[in-house]
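*Asks:* Got a structure for you, written out below as structure tokens; questions coming shortly.
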Amino acid sequence: MIIEARNLSKKVIFNDEEIIILDDINLNVSAASSLAVIGPSGSGKSTLLGILAGLDSPSSGEIYINQEPLHDLSEDARSKIRKESVAFVFQNFELLSGLNALENVMLPLELKGTEKAKDIAEKYLEKVGMQNRLMHYPQQLSGGEQQRVAIARAFACEADVLFCDEPTGNLDSSNSELIADLIFDTFLESSSALIIVTHDISLANRCDQQIKLIDGKIL
Ligand code: ADP
Ligand code: MG
């Protein structure tokens, strides 16, 4: 199993009241396997992704990435796992505006100390059909093109787990289909686990497993 969650809960105190954002979540995703997380807005999907990726910590419960107990690690150790094992694609792309497409894809590789970062970045930008836009800055690209760069950046990391939070949420229907195809084509060539939050039923149906969250619980 690449990623496992056991009895995961997240509670926060807000205006003196306890809010239960996630309640007793259990899931498993193995290598080269995919999980869709669906459910209405506010049901806890993004919180769950953040906790599984080690960006946020649970109130109780356990998360293992490659057998490593993420919930038990120091912030430093978690950040090491994030850098080495996890990649993210967001709804709003989250490219760095001061870097061109190639530099955006190279950055995480350089931070990891990967050799031949430029060659790898170019290879993944070509996979997503952006080989003629390497020097373009994010503001010179359409939304669909920015998301293609973000997908190249995420897959170029060759991470154990790829998280996508509503990756087609800001795109029109034809771009949504293109992006979904790119995610799945690239995923199928990789050995990563894929966890994808989506409102798009056709995208969810392409995954090996689906869970639906309602008020922080798996339905
Ligand atoms: P989704 O991604 O499914 O739309 P989220 O995970 O973003 O849902 O949020 C789940 C619920 O938790 C929402 O009601 C949100 O307002 C609440 N929430 C998330 N983070 C916090 C926080 N730090 N403090 C208080 N409430 C929060
Ligand atoms: Mg969300």
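The values are calculated or read from the model by the stated rules, or taken from the named source; none is laboratory data. Because the structure is a prediction, the values reported are computed rather than measured. Glycine gets a Cβ as well: all are built from the backbone with ideal geometry, and neighbour counts include every protein chain shown.
*Asks:* Scan region 146-171 for residues that are under 13 Å from Ala101 (Cβ atoms) and free of Cβ contacts under 8 Å to residues at least 40 places away in the same chain and jot them down.
*Replies:* Matches in region 146-171: Arg148 only.
*Asks:* Of the numbered conditions (1) surrounded by fewer than 22 Cβ atoms within 10 Å (Cβ to Cβ); (2) within 30 Å of Asp119 (Cβ to Cβ), Asn15 satisfies every one except a single condition; which is it?
*Replies:* Among (1) surrounded by fewer than 22 Cβ atoms within 10 Å (Cβ to Cβ); (2) within 30 Å of Asp119 (Cβ to Cβ), the lone unmet condition for Asn15 is (2).
*Asks:* Follow-up question, since we're still on this one. If we keep just the residues of region 75-122 that are hydroxyl-bearing (Ser, Thr, Tyr) and over 25 Å from Tyr137 (Cβ atoms), which is surrounded by the most Cβ atoms within 10 Å (Cβ to Cβ)?
*Replies:* Ser85
*Asks:* Something else now. Only one of these conditions is not met by Arg148: (1) under 22 Å from Ile201 (Cα atoms); (2) at pLDDT below 95; (3) out of contact with any Phe, Trp or Tyr (no Cβ under 9 Å at 6 or more places or on another chain). Which number is it?
*Replies:* (2)
*Asks:* Turning to a different aspect of this structure: Out of curiosity, is Asp119 within 14 Å of the chain's Cα centre (by Cα) and acidic (Asp, Glu)?
*Replies:* Spelling it out, it is not the case that Asp119 is within 14 Å of the chain's Cα centre (by Cα) and acidic (Asp, Glu).
*Asks:* Quick one: which residue in Gly44, Gly39, Gly50 is of a type outside the set (A, V, I, L, M), within 16 Å of ligand 1 (Cβ to nearest atom) and without any contact (Cβ under 8 Å) to a residue 12 or more places away in the chain?
*Replies:* Just a single option satisfies the conditions, and that option is Gly50.
*Asks:* Need at least 2 residues that are within 16 Å of ligand 2 (Cβ to nearest atom) per element, so show me which strands (runs of 3 or more DSSP E) inside region 1-114 make the cut, counting only ones lying wholly within it.
*Replies:* By residue number, 3-14, 17-29, 34-38, 86-90.
*Asks:* Turning to a different aspect of this structure: Please pick out the residue among Glu84, Glu103 that is acidic (Asp, Glu) and in contact (Cβ under 8 Å) with a residue 24 or more places away in the chain.
*Replies:* After ruling out the rest, the residue left standing is Glu84.
*Asks:* Which one is surrounded by the fewest Cβ atoms within 10 Å (Cβ to Cβ), of the residues in region 123-134 that are of a type outside the set (Ser, Thr, Tyr) and in a helix (DSSP H, G or I)?
*Replies:* Among residues in region 123-134 that are of a type outside the set (Ser, Thr, Tyr) and in a helix (DSSP H, G or I), the one surrounded by the fewest Cβ atoms within 10 Å (Cβ to Cβ) is Glu126.
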